[in-house]
Amino acid sequence: PIRTWLWIFVAVSVIPFFLPTSTLRYFALGTNLGPYRKLWVPWVNKFVQHGRLINDLLRRKYPEYRRTISRATAPRLVQNSYMQERFHWTVLLLFLLTTAHAAVQGNLGWALLITVINVVYNLYPIWLQQYIRVRVDRQHSRNA
């Protein structure tokens, strides 16, 4: 049987899906690239599904392939980044609650493992979505 605590954790974890964009902006690291570069977020961008590594592999097979951001596609990209950030905030919160539960139960090895996974799978993707928005904003302010 699924434990009551798990249902409570899931219910609490869906809260980020309902956060307004202004709240997500409040939790951003900033409006310049500096903090993201210090945390190696651009390096992480190489390995994600629309990152440099995948784009380079696609260009090898399809030399004409380009993933460009235009004025027309930028709003959709920004909107999508907020949705992805909400997803990762939701899972981050679930993992944090699960980590706390494991620690309280004395399962420190599990708590440590879940924490490492949470940083890799959720915290860096949150920062990556913020970084993408900063880059889009900078690109469009330069072109304005």
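Condition first: under 14 Å from Arg135 (Cβ atoms) and open to solvent by less than 90 Å² (accessible area, probe 1.4 Å). Now tell me which residues in the range 49-69 satisfy that.
Those that are under 14 Å from Arg135 (Cβ atoms) and open to solvent by less than 90 Å² (accessible area, probe 1.4 Å): Gly51, Ile69.
Among (1) in contact with a Leu (Cβ under 9 Å, 6 or more places away or on another chain); (2) at pLDDT 95 or above; (3) open to solvent by less than 60 Å² (accessible area, probe 1.4 Å); (4) under 23 Å from Val116 (Cα atoms), there is one condition Thr90 misses while meeting the rest; what is its number?
(1)
Tally time: how many residues in the range 12-64 are within 23 Å of His140 (Cβ to Cβ), of a type in the set (Phe, Trp, Tyr) and not in a helix (DSSP H, G or I)?
1
Any residue in the range 104-120 that is in contact (Cβ under 8 Å) with a residue 24 or more places away in the chain and over 18 Å from Ala11 (Cβ atoms)?
yes
I'd like the full set of residues that are under 19 Å from the mean Cα position of the chain (by Cα), under 30 Å from Arg67 (Cα atoms) and of a type in the set (Ser, Thr, Tyr), limited to the range 88-144.
Thr90, Tyr121, Tyr124, Tyr131
The values are calculated or read from the model by the stated rules, or taken from the named source; none is laboratory data. Everything numeric here is computed off the predicted structure, so don't read it as measured data. Counting neighbours? That spans all protein chains shown, and the Cβs are built from the backbone with ideal geometry, glycine included. For accessibility, only protein heavy atoms count, side chains too; no ligands or nucleic acids. Shrake-Rupley method; radii C 1.70, N 1.55, O 1.52, S 1.80 Å.
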